Amino acid sequence: METAVEGGIYVLRYQNEGAESQYINRQLSQKDLQFHFCLKGSCVFSYNDNSYQFSVSESQSMLLYNPEKALPISVDLASGSWLVSLILPIKKFHGLFSEDADHIHFLSPDNITKKFYDNKPFTPAMAVVLSQIMQSKVHDSIRSLYFKGKVFELLSLYFNKDGEEDLESCPFLVDEVQAGKIHLAKKIILERMTNPPSLAALSAEIGLNTKKLKEGFKQLYGQSVFAYLLDHKMEEARRMLDSQQFNVNEVGLKLGYSTSSHFIAAFKKKFGTTPKKYLLSVSS
């Protein structure tokens, strides 16, 4: 989904809920900056006719600019992945920061005509804004205004100088602290996916009440805690079957299923076929 904001600024939102990777291509001008934020899953970007590629994984961002040639977006979005991209003309972008550009080194006069690349994790505060962008349900009449505010908020967080936030007055403090705890909850359930804690135990471990955990997790990841975990386990199952190193029973046991029937039912609900039939299709 693509939303025009103003002055050549665009917000692109992609969700791949299918079982296969999704290829995305969009033409850009050589005057465009491109920001990419992977909220879930992973994606692989290709440039210069696939002469070089790089991956952006969950909770990672990428900034790319090359004034010498146009670099169209060419990306494979893995199954279960979410991607938010911002496209901004360099002239428009420079105008946003003209008074404060000293700490954004690629905006200096010496560097303005040079290509630039940056890849880094985004903060919990940015994750909150990105999830709001991804899941926005505003009326068409104010969509452009809403996205404009979110784009500026996201850029201000992206370029905020490390260590210079006034946490006493930071308006994102509550959201950022809560988002950090929810990221921890996700890490815990994935690390212990064969024997995950209950929702109450998970809430106690991260120091967030159950209601806020459920609401916050749904806001950041678009699913309940255990729906997210189930999707992750099914993707792991598919990868293990793809490797052809495990049979169906072994995959189920490694993912924490006490009986093969429960694993088979979960796999069929996710992919529309049984793991045995899937394995046969891979090996044929």
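The values are calculated or read from the model by the stated rules, or taken from the named source; none is laboratory data. Computed from a predicted model, the values in this text were never measured in an experiment. No Cβ is skipped: glycine too gets one built from the backbone with ideal geometry, and neighbour counts run over all protein chains shown.
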Six or more apart or on different chains, Cβ under 7 Å: which pairs go from a residue in segment 117-130 that's farther than 27 Å from GLU68 by Cβ to one that's surrounded by fewer than 23 Cβ atoms within 10 Å (Cβ to Cβ) and aromatic (Phe, Trp, Tyr)? Could you list them? ALA125/PHE172; MET126/TYR158
Return the residues of segment 13-56 that are loosely packed, with under 13 Cβ neighbours inside 10 Å, hydroxyl-bearing (Ser, Thr, Tyr) and in contact with a strand residue (DSSP E or B) (Cβ under 8 Å, 6 or more places away or on another chain); say none if nothing qualifies. TYR23, SER29, TYR52
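Condition check ((1) farther than 19 Å from ALA127 by Cα; (2) modelled with pLDDT of 85 or more; (3) under 17 Å from the mean Cα position of the chain (by Cα); (4) crowded, with 17+ Cβ neighbours inside 10 Å) across all residues:
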position	(1), (2), (3), (4)
LYS161	no, no, no, no
CYS170	no, no, no, no
GLU176	no, no, yes, yes
LYS186	no, yes, yes, yes
LEU202	yes, yes, no, yes
GLU205	yes, yes, no, no
THR210	yes, yes, no, no
GLN219	no, no, yes, yes
GLY222	no, no, yes, yes
Identify, please: which residue in segment 229-273 is in contact (Cβ under 8 Å) with a residue 24 or more places away in the chain and over 28 Å from the mean Cα position of the chain (by Cα) and is, among those, surrounded by the most Cβ atoms within 10 Å (Cβ to Cβ)? VAL248
Among the residues of segment 187-228 satisfying the criterion of being β-branched (Val, Ile, Thr), part of a helix (DSSP H, G or I) and touching a residue at least 12 places away in the same chain (Cβ under 8 Å), which is nearest to TYR257 (Cα to Cα)? ILE189
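Within segment 125-143, which residues are surrounded by fewer than 20 Cβ atoms within 10 Å (Cβ to Cβ) and within 15 Å of TYR221 (Cα to Cα)?
Within segment 125-143, GLN132, GLN135, SER136 qualify.
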Which count do you get for residues in segment 76-124 that are among the acidic types (Asp, Glu), assigned to a loop (DSSP other than H, G, I, E, B) and either within 20 Å of VAL151 (Cα to Cα) or at pLDDT 80 or above (or both)? 2
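Filter segment 8-61 for residues that are in a strand (DSSP E or B) and among the aliphatic types (A, V, I, L, M); which is nearest to GLU153 (Cα to Cα)?
Only one residue fits best here, namely VAL11.
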